[in-house]
Protein chains: 4
Amino acid sequence: MAHLLLINCPDEPGLVYKITGVLFGHQLNIIRNGEFVERHDNHFFMRTEFAGAVEPATLLAELEAVLPAAAHIRLTNNHRKDIVLMATKEHHCLSELLVRHAFGEMNARVLAVVSNYEVLGDLTRRFDIPFHYITHEGKSREAHEAEVLAVLTQYQPEFVVLAKYMRILSSDFVAHYSNRLINIHHSFLPAFVGASPYAQAYERGVKIIGATAHFVNEQLDQGPIISQSVIPIDHTQSAREMAQAGRDVEKIVLARSLKLVFDEQVFVHRNKTVIFD
Amino acid sequence: MAHLLLINCPDEPGLVYKITGVLFGHQLNIIRNGEFVERHDNHFFMRTEFAGAVEPATLLAELEAVLPAAAHIRLTNNHRKDIVLMATKEHHCLSELLVRHAFGEMNARVLAVVSNYEVLGDLTRRFDIPFHYITHEGKSREAHEAEVLAVLTQYQPEFVVLAKYMRILSSDFVAHYSNRLINIHHSFLPAFVGASPYAQAYERGVKIIGATAHFVNEQLDQGPIISQSVIPIDHTQSAREMAQAGRDVEKIVLARSLKLVFDEQVFVHRNKTVIFD
Amino acid sequence: MAHLLLINCPDEPGLVYKITGVLFGHQLNIIRNGEFVERHDNHFFMRTEFAGAVEPATLLAELEAVLPAAAHIRLTNNHRKDIVLMATKEHHCLSELLVRHAFGEMNARVLAVVSNYEVLGDLTRRFDIPFHYITHEGKSREAHEAEVLAVLTQYQPEFVVLAKYMRILSSDFVAHYSNRLINIHHSFLPAFVGASPYAQAYERGVKIIGATAHFVNEQLDQGPIISQSVIPIDHTQSAREMAQAGRDVEKIVLARSLKLVFDEQVFVHRNKTVIFD
Amino acid sequence: MAHLLLINCPDEPGLVYKITGVLFGHQLNIIRNGEFVERHDNHFFMRTEFAGAVEPATLLAELEAVLPAAAHIRLTNNHRKDIVLMATKEHHCLSELLVRHAFGEMNARVLAVVSNYEVLGDLTRRFDIPFHYITHEGKSREAHEAEVLAVLTQYQPEFVVLAKYMRILSSDFVAHYSNRLINIHHSFLPAFVGASPYAQAYERGVKIIGATAHFVNEQLDQGPIISQSVIPIDHTQSAREMAQAGRDVEKIVLARSLKLVFDEQVFVHRNKTVIFD
């Protein structure tokens, strides 16, 4: 069985030697190993995939003994993650994820879809996933978010994915899913933060547009970026045509980013990501 | 001999028919033809490359007779443009252009290089181009720009190219070269306007960086974009390494944009470009 | 109502003038116009989108009167195309098309899916599309193709799309759908023609892989290319991981190519495509 | 002072532990570390950048003691490589390298340029590099190569770079520079092997063209690929225009590949490269 060891801590000499020593002492076989030191603040990251029989408590105790006190150590068997998807009206990201999920291509179990509109209910039900329609009409943001949270809580998701969910979430909401709430933004951030990025892109006359998948934090479109991708455009494209072309980029960037996150290839550090791929 | 006809005007029915009728009446042979209508404000653009003997005044008169009064009509034989290059310390854009120029690959004649530092003088002289070192030290911006303008004026350039010229130019200066002053900005605009875009990109943790060639107007980094290009980066790259990687993009984007401009493939319209390539 | 005029013929002076003259004579308003002359053999292509009331027979007669005898003239209202999809076991291209179709994003009506395996039947039925399972086991190629043709014939499709249909089709079969049979090949053609291109790519150690959508002709993987796209890879990826990564490229390239074909933006000329986009 | 340790050998458990143990035992500080195991044949690769005072003979002896007998161990201080450039008539790759060299941007010392034509002599001399014109006219391939080899031998280059050298080299010649002879091929290999790849690309109607930098071995265009890059094209471009557009790709791919090789980031293994970047 394959295991994953994820470590990050202040850098110091001998870390790789000490960590691999613990693994070697248990005859564990390293399948894949990556290390990185962020030189800016001398922080060490290591992700190790290994095979072999292991008693987790023992291994963790031995690693703690050789690592700095401040080290974050995570030992996992990279289980399928329980997730809930949120969307508004556009289908492309949601259907991309539902299809991949239906064919076992995501390291995740989609427990439910939550939407503030009804339009994606039919799509969701085609894939036998519960669909929760929670309109925001006539409700304060607080009241609406409380309803959404109530539904989410009943599913206990490890991650919540905003697959083109077009409402801004409050800091309070975001705080419930720190580093576990992922959004796809339809621009190449930090260009075109906020609403209607394609209209902004058209107005500015850019020659490339893109999409950004990121963890959501309390500041709009400012969270740690996981992945970005772009496509060329030209003057012949209206804002609407840019939006159409951009959808292909959005869904692929989101799917790829979720693969990285669910396969535990992503560390979040100081509003940035360190990714082992 | 090849001629170029560049027309833009408010759209109305029959424009292509009328314009090609004038050309056909003179037995002129169309080599390449492009039209575009900006639907946002119904503005018509046409670029026609044609061959044949032609009396310019006659042709223009006939075109004026069939086109709306507001039409801009330009007839040219796409001559080599006279240009001056401005740079500061980084060589990559300047050397890219000097090399292309030396091998006849630019539709331009580089009359001189102007710099606020001495470091690129040796490179420039290797290519037998006059180098003007005009330090900004101890001078007001106005005084420095006046000196630069004095040199430029003596060369009468049709275009001034900022090949990594790292000083902000005043609106007064820019006004002398409306739609004739081209800059390469080392970011994917409108992301990271202003100083140190690579440091900003590093800080933000983006996964793609880029470069933007644009006409300069009175607002910093806000002029009409000609071309943009990007490359992927990751967490392992420092701001300095991003800058290194970005240089290849910058110089290619600048060179490609100048080719478009000097070959008269670019219309500027309402702070955007319409490009026939 | 919008109309499309598609013309190709040997080039000669005045073609644009004459064609736009016919349109102008009927007060038809050109929305979008593209021309191209292939200089290699002096062949002229023109695609015009126009609006206005028109009697097709009259318009065609007038165009024929001014165009060379060899001209191909096609006047269409760009209707939704009737298509049948064929697939084998992999779902990614098929689901991409079924989802787009379900949301009205293809200029086509998917009449049926035909497969030589049963595995994609469940997916197809989720989208309420007839699924025809026609195994090739225990049959000669001729016998199998005859069965497939019998089903296709009953649907009278204008186009047949091979959405990862992994069997080679005979020349006889292909002849039934000349320039109407579209395939997605999982490599950057002409690299890695034939079977197992990802295994070939792994073996060769390439640093980029891609996908190619093309019309099928009687020579394997040699038909006119519509669109291609690529992604970078590196030495860490096995042939299987390349295949996974390649799927995203394949499905997007296929969907984009079908958009071009179904919107009648593609001319086929001498085993190549001329595309107006 | 920074050192580089490059190891490759059959994989076995504990390699990273043992290697980092030797380094840790000498108080050497790892700056950057990369490992990779090629699962196909279970071969282990490791590249370690470290700082600290070290007696090379001692370190190598200790590493040999803990590593398999078949291990290749290389300890280097990543010195500037002595190289000779070869070219024919096209300047773009040569000038790219000469400019980078002039500004200290290559980890190499260009000792000389060898060409079978005179045309690049002027460019080379602008950068104060010896230029050897060795025509092939009226000589057998053997005689010409013998002359070239005689010149190369006098410079003792560690690497020979074919910067658009357009003659096929014999196996005998290649054998002198095994894994030290680098070529830029003007296509996306393995598409369009051999002569005139842009003409082939035009003929085939591809929608993307590219360039490939590779080590040269005895089979034409079959050596280990270091880097590849591509650009989109369309039906409007002639073979000549493709060649022009391709030049920008060629020179950047070559320069980037040389950076990887000269910084010792490239392992060659079974006709493929393993690259740590």
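The values are calculated or read from the model by the stated rules, or taken from the named source; none is laboratory data. For clarity, every value in this text was computed on a predicted model and none was experimentally measured. Here the Cβ positions follow ideal geometry from the backbone for every residue, glycine too, while neighbour counts run over all protein chains shown.
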Seminar exercise, completed: Across segment D:74-111, the tally of residues that are of a type in the set (Val, Ile, Thr) and more than 24 Å from residue D:156 (Cβ to Cβ) stands at 1
Problem set entry | Failed item in (1) facing chain C (nearest Cβ under 7 Å); (2) in a strand (DSSP E or B), with residue D:234 passing the rest | (2)
For this session: Check whether at least one residue in segment D:187-201 is free of Cβ contacts under 8 Å to residues at least 24 places away in the same chain and farther than 30 Å from residue C:209 by Cβ, and report yes or no.
Result: no
For this session: Would you be able to say whether some residue in segment A:37-51 is within 12 Å of chain D (Cβ to nearest Cβ), loosely packed, with under 15 Cβ neighbours inside 10 Å and more than 20 Å from residue D:30 (Cα to Cα)?
Result: yes
Exercise. Considering A:50, A:36, which residue is in contact (Cβ under 8 Å) with a residue 40 or more places away in the chain, more than 25 Å from residue A:180 (Cβ to Cβ) and outside any helix (DSSP H, G or I)?
Worked result: A:50
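Yes/no per residue for (1) touching a strand residue (DSSP E or B) at 6+ places or on another chain (Cβ under 9 Å); (2) farther than 23 Å from residue D:277 by Cα:
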position: A:218; (1), (2): no, yes
position: A:231; (1), (2): yes, yes
position: A:235; (1), (2): yes, yes
position: A:239; (1), (2): no, yes
position: A:250; (1), (2): yes, yes
position: A:258; (1), (2): yes, yes
position: A:264; (1), (2): yes, no
position: A:277; (1), (2): yes, no
Exercise. Which ones in segment D:237-251 are within 14 Å of chain C (Cβ to nearest Cβ), out of contact with any helix residue (DSSP H, G or I) (no Cβ under 6 Å at 6 or more places or on another chain) and over 23 Å from residue C:234 (Cβ atoms)?
Worked result: D:237, D:238, D:240, D:241
Exercise. What number of residues within segment D:171-180 satisfy the criterion of being touching an Asp or Glu at 6+ places or on another chain (Cβ under 6 Å) and either part of a loop (DSSP other than H, G, I, E, B) or among the polar types (S, T, N, Q) (or both)?
Worked result: 1
Exercise. What pairs can you find where one residue is in segment B:109-128 and among the β-branched types (Val, Ile, Thr), the other is modelled with pLDDT of 95 or more and in a loop (DSSP other than H, G, I, E, B), and their Cβ atoms are less than 6 Å apart, with a gap of 6+ or different chains?
Worked result: B:110/B:129; B:113/B:129; B:119/B:89
Problem set entry | Top-ranked residue of segment B:12-36 - restricted to ones that are surrounded by 18 or more Cβ atoms within 10 Å (Cβ to Cβ) and more than 7 Å from chain C (Cβ to nearest Cβ), ranked as farthest from residue A:237 (Cα to Cα) | B:28
Problem set entry | Residues of segment C:147-166 satisfying the condition of being of a type in the set (A, V, I, L, M, F, W, C) and surrounded by 14 or more Cβ atoms within 10 Å (Cβ to Cβ) | C:148, C:149, C:151, C:152, C:159, C:160, C:161, C:162, C:163, C:166
Problem set entry | Conditions (1) crowded, with 18+ Cβ neighbours inside 10 Å; (2) within 30 Å of residue B:126 (Cβ to Cβ); (3) more than 12 Å from every other protein chain (Cβ to nearest Cβ): number failed by residue D:99 | (3)
Seminar exercise, completed: In segment C:54-85, residues that are assigned to a loop (DSSP other than H, G, I, E, B) and either touching a residue at least 40 places away in the same chain (Cβ under 8 Å) or closer than 24 Å to residue C:105 by Cβ (or both) total 9
Exercise. If you check residue C:177 against the conditions, is it at pLDDT 95 or above and closer than 24 Å to residue C:253 by Cβ?
Worked result: yes
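This table checks each residue for (1) farther than 14 Å from residue B:258 by Cβ; (2) not assigned by TED's automatic domain parsing to the domain that holds residue B:6.
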site: B:64; (1), (2): yes, no
site: B:69; (1), (2): yes, no
site: B:89; (1), (2): yes, yes
site: B:96; (1), (2): no, yes
site: B:102; (1), (2): yes, yes
site: B:106; (1), (2): no, yes
site: B:112; (1), (2): yes, yes
site: B:117; (1), (2): yes, yes
For this session: Looking only at segment C:198-227, count how many residues are farther than 14 Å from residue D:190 by Cα, outside any loop (DSSP other than H, G, I, E, B), within 8 Å of chain D (Cβ to nearest Cβ) and not β-branched (Val, Ile, Thr).
Result: 1
Exercise. Taking the stated definitions as given, is residue A:106 within 15 Å of residue A:254 (Cβ to Cβ) and either without any contact (Cβ under 8 Å) to a residue 12 or more places away in the chain or assigned to a loop (DSSP other than H, G, I, E, B) (or both)?
Worked result: yes
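Residues being within 12 Å of chain C (Cβ to nearest Cβ), within 21 Å of residue B:245 (Cα to Cα) and either hydroxyl-bearing (Ser, Thr, Tyr) or not in a loop (DSSP other than H, G, I, E, B) (or both): count how many of those fall in segment D:252-276.
Looking only at that region, the number is 7.
Taking segment C:102-125, which residues are within 11 Å of chain A (Cβ to nearest Cβ) and crowded, with 19+ Cβ neighbours inside 10 Å?
C:102, C:120, C:123
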Exercise. Which of the residues belonging to segment A:123-164 are under 24 Å from the mean Cα position of the chain (by Cα) and in a loop (DSSP other than H, G, I, E, B)?
Worked result: A:127, A:128, A:129, A:130, A:134, A:156, A:157, A:158, A:163, A:164
For this session: Could you tell me whether any residue of segment C:4-26 is among the hydrophobic types (A, V, I, L, M, F, W, C), in contact with a His (Cβ under 9 Å, 6 or more places away or on another chain), in contact (Cβ under 8 Å) with a residue 12 or more places away in the chain and outside any strand (DSSP E or B)?
Result: no
Problem set entry | Test set (1) facing chain B (nearest Cβ under 9 Å); (2) touching a residue at least 60 places away in the same chain (Cβ under 8 Å); (3) of a type in the set (Phe, Trp, Tyr) - residue A:159 fails condition number | (1)
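Conditions tested, residue by residue: (1) under 17 Å from the mean Cα position of the chain (by Cα); (2) farther than 21 Å from residue A:271 by Cα; (3) of a type outside the set (S, T, N, Q); (4) surrounded by fewer than 24 Cβ atoms within 10 Å (Cβ to Cβ).
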site	(1), (2), (3), (4)
A:168	no, no, yes, yes
A:173	yes, no, yes, yes
A:181	yes, no, yes, yes
A:185	yes, no, yes, no
A:188	yes, no, yes, no
A:193	no, no, yes, yes
A:199	no, yes, yes, yes
A:203	no, yes, yes, yes
A:206	no, yes, yes, no
Exercise. Taking residue C:65, is it modelled with pLDDT under 95 and more than 24 Å from the chain's Cα centre (by Cα)?
Worked result: no
Seminar exercise, completed: residue A:142 fails exactly one of (1) under 30 Å from residue A:14 (Cα atoms); (2) surrounded by fewer than 14 Cβ atoms within 10 Å (Cβ to Cβ), namely (1)
